[in-house]
Amino acid sequence: MSDHTQNPSTSKGINRRQFATTVAAGALVTAGGLPIRSARAATPLKLGVLLPRSGHLALIGQACQRGIDVGMPILRDMGYSIELMNADTESNPDVGRTQAEKLIREGAHMLLGCFDSATTLAVAGVAEQKGIPHVVNIGSEPKITEQGFKYVFRNFPSAPTLGRQGLMLYKDMFAASGVTPKTAVLLHINDSFGMGMLGGINALMPKLDLPFTIVETIGYDPKARDLSIEVAKAKAAKADFTMVVTRLNDAILLVREMVKQQVETMGITTPGSPGMYEKQFFKALGKYAEFCTTNVPWFDPKQEVGNQLIHAFEKAFPEESCDINVSFSFEAALIAADAHKRAGSTDPQALTEALRTTNITKRANLGGAITFDAKGQNVNLPSAVVQNLGGKPTVVLPSQSAEAKLAFPMPGFKNRT
């Protein structure tokens, strides 16, 4: 979603009617008997939202923005008061850094973003320098919470955690299907996220006692426009199944090339990357998007907040899919709003202290309460096996959360109807 189409009630400006509503809400909070300190939180939190609304990550950045925009009425109904200040990182860390500095100059009390790890790290550096809290919606580079930042809080797994959880779910997949492949080929993007995932996979494979070996590892630029050589190498490896670490655009390009070269594989799976569950992936590939599998944290429709978010999103965007770009971006806004309300202040130090004591049990995603350890990392973030079935990403494992049965091995490309 571009800035000019966002919900007007969440934009940077505020009109008389919105001001009156905010004042009235503040009066109700005070009348409800809450401490005066909490009542002060009725002054809106100015939340600087940094996302890649243009550039090669634009489609995902726009999906993240939709999650925040759709979530704003839900947050208001929960008694929170936020004013969004949106900025485009243009899928560029240097632009992200400049935009973060601009938002802070313009009065942002807290920052949210930025989806891609490189830009997130750049913005985290600005937040640390300026003493402004930064809530990470999505971004897996380990350094985000391993560099000793005092103002950065991440509600998303690190790449090693994603990789470990995703790899461990392969055992469950093979057990559920009754089929155990012996070999795999790994194709991965070579940006900071992809290299972080690769490092985690290489370190964990010998330790997890998995029944398969990776016989070929092939890296590529996520901005590449031709992956024919990489796919030809993967085909020549003659592995049983295909592991990938992707973004959206390259995931489309990769599968399209696999179809073109008629690569025979038991499955196309990722142990923890975005791309294959995105709506644009389905739109671009149609029947060839089916059966691709992603092992990632996922939203929880059985939670009241998760259910609210899904229904609100489907009503507002019937042509789009509610995925973790939406749910984790919403949760980042929820975390910011919760800290603001508990702090009863827009002071950066008060907000930071409130973030450190976060304990949110009513959330949108799978997992326990949202809390942060001493490094600012939420560790209560399990993964699920999400397979593309019937034109949408569907939870197939763990069994207690499953909406359908896993299809593995997948039908060959020639046999798709």
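For (1) farther than 30 Å from Lys405 by Cα; (2) free of Cβ contacts under 8 Å to residues at least 12 places away in the same chain; (3) assigned by TED's automatic domain parsing to the domain that holds Ala118, each residue gets a yes or a no:
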site: Ala176; (1), (2), (3): no, no, no
site: Thr180; (1), (2), (3): no, no, no
site: Leu186; (1), (2), (3): no, no, no
site: Ser192; (1), (2), (3): yes, no, no
site: Met205; (1), (2), (3): no, no, no
site: Asp209; (1), (2), (3): no, yes, no
site: Asp221; (1), (2), (3): yes, no, no
site: Ala232; (1), (2), (3): yes, no, no
Inset, instruction - Can you give me the number of residues within the stretch 147-183 that are part of a helix (DSSP H, G or I), hydroxyl-bearing (Ser, Thr, Tyr) and modelled with pLDDT of 95 or more? - result: 2
Inset, instruction - Please work out which one of (1) outside any helix (DSSP H, G or I); (2) in contact (Cβ under 8 Å) with a residue 60 or more places away in the chain; (3) surrounded by fewer than 24 Cβ atoms within 10 Å (Cβ to Cβ) is the condition Asp226 fails and give its number. - result: (2)
Inset, instruction - Count, please, the residues in the stretch 237-253 that happen to be assigned to a helix (DSSP H, G or I) and buried (at least 24 other Cβ atoms within 10 Å of the Cβ). - result: 3
Inset, instruction - Check whether at least one residue in the stretch 106-121 is among the β-branched types (Val, Ile, Thr), surrounded by fewer than 24 Cβ atoms within 10 Å (Cβ to Cβ) and on the phi < 0 side of the Ramachandran plot, and report yes or no. - result: no
Inset, instruction - Say whether the condition of being on the phi > 0 side of the Ramachandran plot and in contact with a strand residue (DSSP E or B) (Cβ under 9 Å, 6 or more places away or on another chain) is met by at least one residue in the stretch 351-361. - result: no
Legend entry - Hey, Glu320 of a type in the set (Asp, Glu), in the same structural domain as Leu50 (by TED's automatic domain parsing) and within 30 Å of Ser399 (Cβ to Cβ) or not: yes
Legend entry - Verdict on Leu50 being under 21 Å from Pro142 (Cα atoms), assigned to a strand (DSSP E or B) and not hydroxyl-bearing (Ser, Thr, Tyr): yes
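The values are calculated or read from the model by the stated rules, or taken from the named source; none is laboratory data. These figures come from a predicted structure and were not determined experimentally. Note that each Cβ is placed from the backbone with ideal geometry, even for glycine, and that neighbours are counted across all protein chains shown.
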